[in-house]
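Asks: Got a structure here, written out as structure tokens. Questions coming.
The values are calculated or read from the model by the stated rules, or taken from the named source; none is laboratory data. Fair warning: this is a prediction, and the values are worked out from it, not measured in the lab. Every residue, glycine as well, gets a Cβ built from its backbone with ideal geometry; the counts of neighbours run over all protein chains shown.
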Amino acid sequence: MNDILINKTNAFFQKAFHAVPEKIVLSPGRINIIGEHIDYNDGYVLPAAIDKIICFAFEKSNSNKSRIIAIDLDEEFEIDLDDAVQLNDRVWTNYIRGVIHQLKSNGFKFQGVNCVFSSNIPLGSGLSSSAALECGFLFGLNELFNLDIKPVDIGLLGQKAEHWVGINCGIMDQFSSVMGLENKVMKIDCRTLDFEYHDANFNDYSLILFDSNVKHSLFTSAYNKRREECEEGLAIIKKHFPETNSFRDCNVQQVLGLQNLMPEAVFKRCRFVVNEMSRVIQACEALDNGDIELLGQLMFETHEGLSKDYEVSCAELDLLVDLAKKEQYIIGSRLMGGGFGGCTINLVKKGHEEEMKSKFRALYFDAFGIELKSYDVKIGNGTSLYIQ
Ligand code: GLA
């Protein structure tokens, strides 16, 4: 599948710029097994890069100007490197403007590029196509101009670019896009950025994503609001437990004991955060021990927390998870990523994947009149150069 994408991008570049690209870069989207909304709270997360990617073809433009073509959108833009300001329309260009802005403000010396890109990561489905865009573009500039930026720092600069665009996100998406490894999930300590690879072995179960096809227009403001509520909660916790530096240092009892001192929404956000932190540790052990039933159970619990305490679900995602709970061939399901739409991630008994896809498609259409899409997940490598 990716060969077709790479050939298409390469051919488009040659037609547009009458030259063979100097570098071709592949940058993946990500899934997350468990550990949602805790990357920006110093928690652990358990994501992986996937085999759905953005392919970029690059050459130096030998000037201060860059010309960037998004094949799938049939759009392009030109940018002078000294002129990285945000636009309200064509939001996709802001991720690239954000990258240029970050490199400039960190003192990196580089010139313009000609670039063409195309993607098979579904947009707005919670698979982090924006992280793939930032990290792939950064990776390309790093290669072309020998900027000597380490992979983890590409992730951190990508995260800063996303902040510049307006989402105050954590590090999970960019880190996964850059550091992913085939058939491995990563347990990332978002406090220190230490990480370990664990085998992505789900025994008799396959990972299937159901895409609700729902996109929340207020995603950015709702996401940023959750972050502020967590900060408010942590400040209250710190006041009563001065030895607490972050959510990692506190337990659920401490949070429960402060219920009357917090606004209700803030209390619920904090309760979710501390519970989710301990679920990730248990889930990673369950995966290592081959106890996929326990992992699935924890995924259901995460969904419950995301829906009731963190309030980032929606009717469509809740229905998909409720249906999964009643289904004998699915042992775990939850909304994945930031929420308010996008995908659920499901552990489906091998041999029953197609049956589940068509059953869920029909039930979902009956309930909401919306087409349900499904994706088989293969865990792939992080951002890399394509060597022809
Ligand atoms: C988005 C953000 C991530 C993370 C998830 C929720 O994908 O970009 O940093 O917070 O939501 O886990």
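Asks: Does at least one position in segment 350-358 carry a residue that is within 16 Å of the ligand (Cβ to nearest atom) and either touching a helix residue (DSSP H, G or I) at 6+ places or on another chain (Cβ under 9 Å) or not assigned by TED's automatic domain parsing to the domain that holds Glu36 (or both)?
Replies: no
Asks: Separate question: Kindly provide the set of residues from segment 59-78 that are over 14 Å from Phe110 (Cα atoms) and outside any loop (DSSP other than H, G, I, E, B), ordered by number.
Replies: Across segment 59-78, the qualifying residues are Arg67, Ile68, Ile69, Ala70, Glu75, Glu76, Phe77, Glu78.
Asks: Oh, and also: Considering Val116, Val85, which residue is assigned to a strand (DSSP E or B) and either in the same structural domain as Pro28 (by TED's automatic domain parsing) or polar (S, T, N, Q) (or both)?
Replies: Exactly one of Val116, Val85 is assigned to a strand (DSSP E or B) and either in the same structural domain as Pro28 (by TED's automatic domain parsing) or polar (S, T, N, Q) (or both), namely Val116.
Asks: Let me ask something additional. Restricting to segment 86-107, and then to whatever is touching a helix residue (DSSP H, G or I) at 6+ places or on another chain (Cβ under 7 Å) and of a type in the set (A, V, I, L, M), can you tell me which residue is farthest from Asp3 (Cα to Cα)?
Replies: Of everything passing the filter in segment 86-107, Leu87 is farthest from Asp3 (Cα to Cα).
Asks: For residues that are outside any loop (DSSP other than H, G, I, E, B) and away from the ligand (no atom under 16 Å from the Cβ), scanning just segment 139-156, find the one that is farthest from Arg30 (Cα to Cα).
Replies: Leu144
Asks: Moving on to the next point. Might you check whether a residue that is within 16 Å of Thr383 (Cβ to Cβ) and either of a type outside the set (Lys, Arg) or without any contact (Cβ under 8 Å) to a residue 60 or more places away in the chain (or both) occurs anywhere in segment 82-98?
Replies: To start, the set of residues in segment 82-98 that are within 16 Å of Thr383 (Cβ to Cβ) comprises 95-96.
After this cut, where a residue has to be either of a type outside the set (Lys, Arg) or without any contact (Cβ under 8 Å) to a residue 60 or more places away in the chain (or both) as well, the list is 95-96.
Yes, there is a match, as at least one residue in segment 82-98 is within 16 Å of Thr383 (Cβ to Cβ) and either of a type outside the set (Lys, Arg) or without any contact (Cβ under 8 Å) to a residue 60 or more places away in the chain (or both).
Asks: Is at least one residue of segment 120-131 more than 19 Å from Lys215 (Cα to Cα), outside any loop (DSSP other than H, G, I, E, B) and at pLDDT 95 or above?
Replies: First, the residues of segment 120-131 that are more than 19 Å from Lys215 (Cα to Cα): none.
No, because not a single residue in segment 120-131 is more than 19 Å from Lys215 (Cα to Cα), outside any loop (DSSP other than H, G, I, E, B) and at pLDDT 95 or above.
Asks: Of everything in segment 348-379, what is outside any loop (DSSP other than H, G, I, E, B) and among the small types (Gly, Ala, Ser)? Give them in sequence order.
Replies: Ser358, Ala362, Ala367, Ser374, listed by residue number.
Asks: Mind checking whether some residue in segment 318-325 is surrounded by fewer than 17 Cβ atoms within 10 Å (Cβ to Cβ) and at pLDDT 95 or above?
Replies: yes
Asks: A follow-up question, please. If only one of Asn120, Asn146 is among the polar types (S, T, N, Q) and either crowded, with 23+ Cβ neighbours inside 10 Å or under 22 Å from Ser66 (Cβ atoms) (or both), which one is it?
Replies: Asn146
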